1. Condition (residue is touching a residue at least 40 places away in the same chain (Cβ under 8 Å) and more than 16 Å from ligand 2 (Cβ to nearest atom)) applied to the range 121-138: is it met by at least one residue?
2. Within the range 73-81, is even one residue within 16 Å of ligand 2 (Cβ to nearest atom) and in contact (Cβ under 8 Å) with a residue 24 or more places away in the chain?
3. Being farther than 14 Å from ILE77 by Cα and more than 15 Å from ligand 2 (Cβ to nearest atom) is the filter here; which residues of the range 36-55 pass it?
4. Tell me yes or no: at least one residue of the range 78-97 is hydrophobic (A, V, I, L, M, F, W, C), loosely packed, with under 13 Cβ neighbours inside 10 Å and modelled with pLDDT under 95.
5. Taking the range 4-16 on its own, how many of its residues are surrounded by 15 or more Cβ atoms within 10 Å (Cβ to Cβ) and either more than 14 Å from GLN75 (Cβ to Cβ) or not assigned by TED's automatic domain parsing to the domain that holds ILE53 (or both)?
6. Can you list the strands (runs of 3 or more DSSP E) lying wholly within the range 1-71 that have 3 or more residues being closer than 21 Å to GLY133 by Cα and touching a residue at least 12 places away in the same chain (Cβ under 8 Å)?
7. Any idea which of VAL74, VAL64, VAL69 is more than 14 Å from the chain's Cα centre (by Cα), closer than 26 Å to SER16 by Cα and surrounded by 16 or more Cβ atoms within 10 Å (Cβ to Cβ)?
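The values are calculated or read from the model by the stated rules, or taken from the named source; none is laboratory data. All values derive from a computational prediction rather than experimental measurement. Reconstructed Cβ throughout: ideal geometry from the backbone, glycine too, with neighbour counts over all protein chains shown.
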Amino acid sequence: MHKLSVAFQLNNKSVSLSVDPNDTLLDVLRNQLNLTGTKKGCGKGECGACTVILDGEAVNACLVPIMKVMGCSVQTIEGIGDAEHLHPLQEAFIDKGAIQCGYCTPGMIMSSKALLDKNKTPNQAEIREAIAGNICRCTGYVKIEEAVQAAAEKMRER
Ligand code: FES
Ligand code: FES
């Protein structure tokens, strides 16, 4: 198979690797870089489970050809917090009971983070719009919206 080199910023570190140019960003994150926090649901841009932040915008990684990220900045759920240092969104999702099976959670958090990075005081409509592409089969969304609002408050206080 013909491989090509690609280089980009991933969670604030430079990465350079040889890829199948037909792969998506999601394929490379999960299968080559072992960053399995980003989930694969539909693989067709319909569920939001694979959401990452690409140059400041929430995108479906399953729809991004890997060669398109050349020179870009990519943030995944692994880059925003860890078990010892949770991001305020991660804390709020736990505190508010916004996680059940958890499959949608990394994508929800990345969509929400892209919103809060730009808008520190989002209203309910803005939160709903930000997570409109993220499907959750478990929670009914109310607790997720509450968690994003709580995280926004926490981030304003810090
Ligand atoms: S896996 Fe990418 S949108 Fe569903
Ligand atoms: S918590 Fe199960 S899909 Fe959202």
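1. Scanning the range 121-138, I find no residue that is touching a residue at least 40 places away in the same chain (Cβ under 8 Å) and more than 16 Å from ligand 2 (Cβ to nearest atom), so the answer is no.
2. Yes, there is a match, as at least one residue in the range 73-81 is within 16 Å of ligand 2 (Cβ to nearest atom) and in contact (Cβ under 8 Å) with a residue 24 or more places away in the chain.
3. GLY43, LYS44, GLY45, ASP55
4. The answer is yes, given that some residue of the range 78-97 is hydrophobic (A, V, I, L, M, F, W, C), loosely packed, with under 13 Cβ neighbours inside 10 Å and modelled with pLDDT under 95.
5. Number satisfying all stated conditions: 1.
6. Where strands (runs of 3 or more DSSP E) fall fully within the range 1-71 and carry at least 3 residues being closer than 21 Å to GLY133 by Cα and touching a residue at least 12 places away in the same chain (Cβ under 8 Å), they are 51-54, 57-60.
7. Answer to the selection: VAL69.
Yes/no per residue for (1) under 25 Å from HIS87 (Cβ atoms); (2) among the basic types (Lys, Arg); (3) out of contact with any Phe, Trp or Tyr (no Cβ under 9 Å at 6 or more places or on another chain):
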| residue | (1), (2), (3) |
| --- | --- |
| ASN11 | yes, no, yes |
| SER14 | yes, no, no |
| GLU46 | no, no, yes |
| GLU57 | yes, no, yes |
| PRO65 | no, no, yes |
